[in-house]
Amino acid sequence: MRVLVAFDKFKDALGASQVCAAAAAALREIHPEWQLDLCPLADGGDGFVDVLTRAAGGAFHRTQVTGPRGGQVEATFGVAEVPAAAQAILGHKRVAIVEMAQASGLALLPADQRDPWHTGTRGTGELLRAAANAGVDGILLGVGGSATHDVGLGALSVLGLSCHGVDGKVVELPIPQTWAAVASISGKFDSS
C-alpha cells in the first residue's frame, strides 16, 4: 500500500516535517511493507518558508529583523527558481518565499507577551525588503501565524509609508496601541 503522510504544524509543539516524520515512524512500526510519501504542509503561517523552499529546491537566507514587540530576531526567507510550467502563470522566474510568522509571529512570544495591541509588523517589512534585495523578480508572502493586528502598517512604514499625527510628526511605532495618534498616512513604496 502507498500512503500519503501530509500534516501541517502542531502549533507551539511540532513543525510540519516533525509531525510527518513522527507519523511515518509509527506507521513503519505497524506496517513496514507500506510505501510512505511524506508531504509537510503549510497554510501561510509557521513553516511556510521551510516547506515551500525545500519543495522547490531553493536556498535559505537568514537576516536580523525587528520582532513583534521590538528587539531583534533572526528570520529566514527562501529563494527559489519557479518551475518552467509555472513561469507563464506567475510571470516570474525567481521568487522569494517570505513568512510573516518569521518576523511578526505569535510563536516568537511567550504567552504573557501575546497582546495584539502592543505588537507590530515592522520586522515583516524588513524581511520583505531583504527578500526584494536578493535578486528576485517576485515575492510570495505567507501571512499566517501573526502576533499582531496592525493591518500591516509596521511593514508598510519600512517600505515607504509614514503615519503622521495631527501635528504632522511621524508616529514611529504604528501599532494598535498608537493608532489614536495617527491622523494621516502618506508616502510611496520604496523597494531599495
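The values are calculated or read from the model by the stated rules, or taken from the named source; none is laboratory data. Every value quoted in this text rests on a predicted model; they were computed, and no experiment measured them. Reconstructed Cβ throughout: ideal geometry from the backbone, glycine too, with neighbour counts over all protein chains shown. Calculation scope for accessible area: heavy atoms of the full protein, side chains included, ligands and nucleic acids excluded. Shrake-Rupley method; radii C 1.70, N 1.55, O 1.52, S 1.80 Å.
Select from segment 26-53 the residues that are open to solvent by less than 60 Å² (accessible area, probe 1.4 Å), charged (D, E, K, R) and under 23 Å from GLN102 (Cβ atoms) and list them in ascending order. Across segment 26-53, the qualifying residues are ASP46, ASP50.
Here ALA134 fulfils each of the conditions (1) hydrophobic (A, V, I, L, M, F, W, C); (2) closer than 16 Å to GLY67 by Cβ; (3) modelled with pLDDT of 95 or more apart from (2). For the condition open to solvent by less than 60 Å² (accessible area, probe 1.4 Å) and under 15 Å from the mean Cα position of the chain (by Cα), what is the one hit in ALA56, ALA86, ALA23, ALA101? Exactly one residue qualifies, and that residue is ALA101. Summed over segment 62-75, residues that are open to solvent by 20 Å² or more (accessible area, probe 1.4 Å) and either closer than 22 Å to ASP137 by Cβ or not small (Gly, Ala, Ser) (or both) total 8. Anything in segment 142-155 that is open to solvent by less than 70 Å² (accessible area, probe 1.4 Å) and either outside any loop (DSSP other than H, G, I, E, B) or of a type in the set (A, V, I, L, M, F, W, C) (or both)? List them, or say none. The answer is GLY142, SER146, ALA147, LEU153, GLY154, ALA155. Right, LEU128: outside any strand (DSSP E or B) and under 19 Å from SER17 (Cα atoms) or not? Taking the combined requirement at face value, the residue does not satisfy it. For segment 104-129, a residue qualifies if it is out of contact with any Gly (no Cβ under 7 Å at 6 or more places or on another chain), among the aliphatic types (A, V, I, L, M) and either open to solvent by 10 Å² or more (accessible area, probe 1.4 Å) or closer than 23 Å to PHE10 by Cβ (or both), and the qualifying residues are LEU109, ALA111, LEU128. Scoring GLY144 on the criteria (1) within 15 Å of the chain's Cα centre (by Cα); (2) modelled with pLDDT of 95 or more leaves a single failure, condition (2). Which residue is most open to solvent (accessible area, probe 1.4 Å), if the candidates are limited to segment 164-179 and must be in contact with a Gly (Cβ under 9 Å, 6 or more places away or on another chain) and hydrophobic (A, V, I, L, M, F, W, C)? My answer is LEU173.
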